[in-house]
Amino acid sequence: MALVSIYTVGRLNHPYDHPASREFFEVGYEVFRQASESGHLIEAFSPNGVLFPEEAIKGEGLPILTLTVWKNLQSLYRFTYSGQHKQALRDRSKWMEPYQEKHLSYVVWWTEKVKDVSWEEAFKRYNYYIQHGPTPFAFDFKHAFDEKGETCMVK
């Protein structure tokens, strides 16, 4: 059974110790708690000690990166656009820098095993999407593919 991975990237508006950033981390902790309790989140990878690629570290704000693995695309989508995570997306501008140009804030891909998911793989998939657009190798929710590589609608 295929699993789905998602890599997200953003930049904080303020330093880590700023009240707005502290609020972001408090909300983020609660969102991850809800994700863990959902029964659909398989794995969350820590960014501690990861050597970020140049495109992830250039810019003003401090980078915020996540990498998670989910049971399926539908459960990931449902979690992303409901509950506290949906509210966090609405409040994003309080915490995260706006994008100066068209920017991809996440990329999704299918994997057979959790052990095949890594930060290096996430960076590769993200860069692939930037260069080639959505394909079964790397895609977003608007241009999704099922585990067989067929286009699909996620709702």
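The values are calculated or read from the model by the stated rules, or taken from the named source; none is laboratory data. All values reported here derive from a predicted model rather than from experimental measurement. Note that we place each Cβ from the backbone using ideal geometry, even for glycine, and neighbour counts take in every protein chain shown. SASA here: full protein model, heavy atoms, side chains in, ligands and nucleic acids out. Shrake-Rupley method; radii C 1.70, N 1.55, O 1.52, S 1.80 Å.
Numbers below:
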{"item": "Neighbours by Cβ (under 7 Å, 6+ apart or cross-chain): first from region 9-21, part of a helix (DSSP H, G or I); second exposed (fewer than 13 other Cβ atoms within 10 Å of the Cβ)", "result": "21/15"}
{"item": "Residue match in region 133-146 (condition: within 19 Å of residue 80 (Cβ to Cβ), out of contact with any Cys (no Cβ under 6 Å at 6 or more places or on another chain) and of a type in the set (Gly, Ala, Ser))", "result": "yes"}
{"item": "Residue match in region 100-114 (condition: crowded, with 16+ Cβ neighbours inside 10 Å, free of Cβ contacts under 8 Å to residues at least 12 places away in the same chain and not hydrophobic (A, V, I, L, M, F, W, C))", "result": "no"}
{"item": "Hits in region 126-155 - residues which are within 16 Å of residue 3 (Cβ to Cβ), out of contact with any Leu (no Cβ under 7 Å at 6 or more places or on another chain) and open to solvent by less than 30 Å² (accessible area, probe 1.4 Å)", "result": "138, 139, 145, 149"}
{"item": "Filtered residues of region 126-155 (kept if charged (D, E, K, R) and either touching a helix residue (DSSP H, G or I) at 6+ places or on another chain (Cβ under 9 Å) or under 13 Å from residue 76 (Cβ atoms) (or both))", "result": "140, 146, 147, 155"}
{"item": "Test: residue in region 82-100 that is among the aliphatic types (A, V, I, L, M), under 22 Å from residue 139 (Cα atoms) and outside any helix (DSSP H, G or I)", "result": "no"}
{"item": "Number of the condition not met by residue 43 [criteria: (1) open to solvent by 50 Å² or more (accessible area, probe 1.4 Å); (2) closer than 21 Å to residue 130 by Cα]", "result": "(2)"}
